[in-house]
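Chemist: Here it is: the structure, laid out below.
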Amino acid sequence: MSDIVIDAAFDSGNIAVSSVDGTKAHLTIPADRNSEFAQWFHFRVSGSAGRSLELRIEGLESSAYPAGWPGYRACVSEDREYWARADSTYDKGDAGGTLTIAYTPASDIAYFAYFAPYSMERHHDLVTEAAAAEGVTYRRLGETLDGRPVDCLEVGEGDTQVWLYARQHPGESMAEWWMEGALEVLTDPADPVAKVLREKCRLHIVPNCNPDGSFRGHLRTNAEGVNLNREWATPSTQRSPEVLAIRNAMDASGVDFAMDVHGDEAIPANFIAGFEGIPSWSDELGDAYARYRSILDRRTADFQTAKGYPIAPAGRANLTISTNQVAERFGACAMTLEMPFKDHDDCPDEAQGWSPERCKLLARDCLAALAEWLESRDA
C-alpha cells in the first residue's frame, strides 16, 4: 500500500518529517523561529483510513520541557471539532527521547496536536461575535511584528478594573479555549455571573496576546523568537510590541484584578501562581490573592492548590513576568492560571484528558469565583 502523507503547512502547523515507510513515520519538532523553544506540534496525516499508524516524534530530551512527555498522550481529531487522546508512550532512551503515537483512524484524514489547536480563524470569529454583543466595546490595542492586530474586548460599567489575557505563549492553546468560555459567559445578557461582573467591573479581555506565534506554530515566542512573558519590565516596539500595547492600555485604565491564562507542560493539574516576592508585597494584597484561590478551590474539582510552582523569596520576584509586574506596578491582585497539556490527575478523563470543553467550564468557575470574591470584598 502507499505511504501515508504528513502535512503541517497550515495555521499553527508544526512538524518535520524525517522519513515515512507505509504507516510508520519518524518526525521531529522544529523550534520557534530565532529561538531554541521546541515542543508544540500540529500536523495532518492522510491516506490513513483503517490503517494502524505508528508516529514516532524523536529527539524530545532536547525539547523545551522534557518533563512534559512522560505520562502525556497526544491529541487527535478526525473532524477538527472533537479532540480525543491517542495511545502514546514515551521512551527517553530511544533516539534522544521518543514519543510513539499509535492510532487507527476511521477516516482518511486525522490531525494530531500537542493540545487541541485554537486557530487564528476561530480567533477572528470569536472576537467578531463578541464585539457584536450588546454592551461590548472592541479596541485594537496595537499591532504585532507580522502586522496582526492585538484585539481587546471591553464590557461592564463598574469601577473595578479587571484584565483577562491569554496566549502570551502561543502553543498554550488551552488558554484561548478558556477565553472562549469566558466570553460566552460575559456576553450572555441572562447569565447571573455576568450580571454581577458587568455591574461591578470594567473587564478588559485580550483573548490572544501573541497571534504571530499562534499562526506560525510556535510554542512560546512571537515572530522574532521573543518570550513575551519576560518582556513586561521593558517592552519595546522592536521586540515585544504586543506587550507594550497591552501594558500601555493597562497604564491608562489601571488594574485591580488580573489573570494571565497559560498552560503547563509537566504538571497534570490546574493551579494558580501568584506574585509573592514583589518588592511592594503586603499582607493585605496577599490575603486578597489567597482568598480568590480558596474560593476557586471550593467551587470546582477541576482546581487544586497542592501542586504548583515554587514561591519566590521576599523581594526576589522576577518583574519581567506579567503577573509580578502587574501586581507591583498597579498594586493589583494578579495571578497566572495554569492548565495542563496532560490531564487533571485529580479528576481525570480517559477519553480526552484535559480538553477544550473543560477549559471553557473552568473559565465559568473562574468568573463565578471572581464575582464571589468581589461580593465578599465589598461586604
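Chemist: Mind listing whichever residues of the range 83-95 are in a strand (DSSP E or B) and over 18 Å from P340 (Cβ atoms)?
Modeler: Within the range 83-95, the subset in a strand (DSSP E or B) is 84-85, 87-91.
Correct list: D87, T89, D91.
Chemist: Still on this structure, I have one more. Right, R140: among the basic types (K, R) and under 28 Å from E372 (Cα atoms) or not?
Modeler: The answer is no for R140.
Chemist: Is it the case that the range 155-175 has a residue that's touching a Lys or Arg at 6+ places or on another chain (Cβ under 7 Å), under 20 Å from T336 (Cα atoms) and part of a helix (DSSP H, G or I)?
Modeler: yes
Chemist: Given the criterion out of contact with any Lys or Arg (no Cβ under 8 Å at 6 or more places or on another chain), assigned to a loop (DSSP other than H, G, I, E, B) and open to solvent by 60 Å² or more (accessible area, probe 1.4 Å), identify the matching residue among R122, R80, R51.
Modeler: R80
Residues are listed down the side, and each one gets a yes or a no for (1) crowded, with 24+ Cβ neighbours inside 10 Å; (2) touching a Leu at 6+ places or on another chain (Cβ under 9 Å):
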| site | (1), (2) |
| --- | --- |
| E129 | no, yes |
| R139 | no, yes |
| D146 | no, no |
| Q168 | yes, yes |
| G171 | yes, yes |
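Chemist: Still on this model: How many residues are in a loop (DSSP other than H, G, I, E, B), open to solvent by less than 50 Å² (accessible area, probe 1.4 Å) and within 30 Å of T28 (Cα to Cα) if we restrict to the range 184-239?
Modeler: The first filter runs over the range 184-239 and keeps only residues in a loop (DSSP other than H, G, I, E, B), leaving 187-191, 207-210, 217-227, 231-239.
The next check asks that each one be open to solvent by less than 50 Å² (accessible area, probe 1.4 Å); those that pass are 187, 191, 207-210, 217-223, 225-227, 231-233, 235-236.
Filter once more, so that each one left must be within 30 Å of T28 (Cα to Cα): 207-210, 217-223, 225-227, 231.
Result for the range 184-239: 15.
Chemist: Quick test for you: out of F10, F37, pick the one residue that is among the aromatic types (F, W, Y), part of a loop (DSSP other than H, G, I, E, B) and more than 19 Å from the chain's Cα centre (by Cα). Before the answer, list the steps.
Modeler: Working: F37 fails: more than 19 Å from the chain's Cα centre (by Cα).
Being among the aromatic types (F, W, Y), part of a loop (DSSP other than H, G, I, E, B) and more than 19 Å from the chain's Cα centre (by Cα) holds for just one of F10, F37, which is F10.
Chemist: Could you please find all residues in the range 54-75 being more than 10 Å from S88 (Cα to Cα), among the aliphatic types (A, V, I, L, M) and buried (at least 23 other Cβ atoms within 10 Å of the Cβ)?
Modeler: I57, L60
Chemist: Also, quick follow-up: Taking interchain pairs and intrachain pairs at least six residues apart, which have beta carbon atoms under 8 angstrom, with the first residue in the range 39-50 and at pLDDT below 95 and the second assigned to a loop (DSSP other than H, G, I, E, B) and open to solvent by less than 10 Å² (accessible area, probe 1.4 Å)?
Modeler: Close Cβ pairs (under 8 Å, with a partner that is assigned to a loop (DSSP other than H, G, I, E, B) and open to solvent by less than 10 Å² (accessible area, probe 1.4 Å)) amount to S48/I4; S48/P105.
Chemist: Does A67 satisfy the condition of being over 26 Å from F215 (Cβ atoms), in a helix (DSSP H, G or I) and not hydroxyl-bearing (S, T, Y)?
Modeler: Details: over 26 Å from F215 (Cβ atoms): yes; in a helix (DSSP H, G or I): yes; not hydroxyl-bearing (S, T, Y): yes.
Yes.
Chemist: Give the residues of the range 252-275 that are polar (S, T, N, Q) and surrounded by fewer than 22 Cβ atoms within 10 Å (Cβ to Cβ), sorted by residue number.
Modeler: Of the range 252-275, the ones polar (S, T, N, Q) are 253, 270.
Residue satisfying the conditions is S253 alone.
Chemist: Out of curiosity, is I29 open to solvent by less than 10 Å² (accessible area, probe 1.4 Å), more than 20 Å from H344 (Cα to Cα) and either hydrophobic (A, V, I, L, M, F, W, C) or touching a residue at least 24 places away in the same chain (Cβ under 8 Å) (or both)?
Modeler: Answer is no for this residue.
Chemist: Being of a type in the set (A, V, I, L, M, F, W, C), open to solvent by 40 Å² or more (accessible area, probe 1.4 Å) and either in contact with a His (Cβ under 8 Å, 6 or more places away or on another chain) or without any contact (Cβ under 8 Å) to a residue 60 or more places away in the chain (or both) is the requirement here; does A113 meet it?
Modeler: Values: of a type in the set (A, V, I, L, M, F, W, C): yes; open to solvent by 40 Å² or more (accessible area, probe 1.4 Å): no; either in contact with a His (Cβ under 8 Å, 6 or more places away or on another chain) or without any contact (Cβ under 8 Å) to a residue 60 or more places away in the chain (or both): yes.
Taking the combined requirement at face value, the residue does not satisfy it.
Chemist: For the range 248-273, give me each residue that is aliphatic (A, V, I, L, M) and part of a helix (DSSP H, G or I).
Modeler: Hits for the range 248-273 are A249, M250, A252.
Chemist: Would you check if E375 is more than 22 Å from A175 (Cβ to Cβ), open to solvent by 10 Å² or more (accessible area, probe 1.4 Å), of a type outside the set (V, I, T) and free of Cβ contacts under 8 Å to residues at least 12 places away in the same chain?
Modeler: no
Chemist: Can I ask one more? Give the residue, chosen from D108, D91, that is more than 25 Å from the chain's Cα centre (by Cα) and under 16 Å from L27 (Cα atoms).
Modeler: That would be D91, the only listed residue that is more than 25 Å from the chain's Cα centre (by Cα) and under 16 Å from L27 (Cα atoms).
Chemist: Something else now. Pull out all pairs, ordered by first then second residue, where Cβ-Cβ is under 6 Å, the residues are six or more apart or on different chains, the first lies in the range 74-95 and is over 18 Å from Q352 (Cβ atoms), and the second is in a strand (DSSP E or B).
Modeler: Final answer for the pair search is T89/T100; Y90/L99; D91/T98.
Chemist: Looking at this structure, is I278 of a type in the set (V, I, T), surrounded by fewer than 21 Cβ atoms within 10 Å (Cβ to Cβ) and either within 17 Å of A314 (Cα to Cα) or touching a residue at least 60 places away in the same chain (Cβ under 8 Å) (or both)?
Modeler: Against the criterion (of a type in the set (V, I, T), surrounded by fewer than 21 Cβ atoms within 10 Å (Cβ to Cβ) and either within 17 Å of A314 (Cα to Cα) or touching a residue at least 60 places away in the same chain (Cβ under 8 Å) (or both)), I278 does not qualify.
Chemist: Next up: Take the range 309-356 and flag every residue that is over 27 Å from D283 (Cα atoms), surrounded by fewer than 21 Cβ atoms within 10 Å (Cβ to Cβ) and either more than 20 Å from the chain's Cα centre (by Cα) or touching a residue at least 12 places away in the same chain (Cβ under 8 Å) (or both).
Modeler: D345, D346, C347, E350, A351, Q352
The values are calculated or read from the model by the stated rules, or taken from the named source; none is laboratory data. Just so it is clear, the structure is predicted and the values come from calculations on it, not from any experiment. Don't worry about glycine lacking a Cβ; one is built from the backbone with ideal geometry, like all the others, and counts go over all protein chains shown. Heads up: the accessible areas ignore ligands, DNA and RNA and are worked out on the full protein's heavy atoms, side chains in. Shrake-Rupley method; radii C 1.70, N 1.55, O 1.52, S 1.80 Å.
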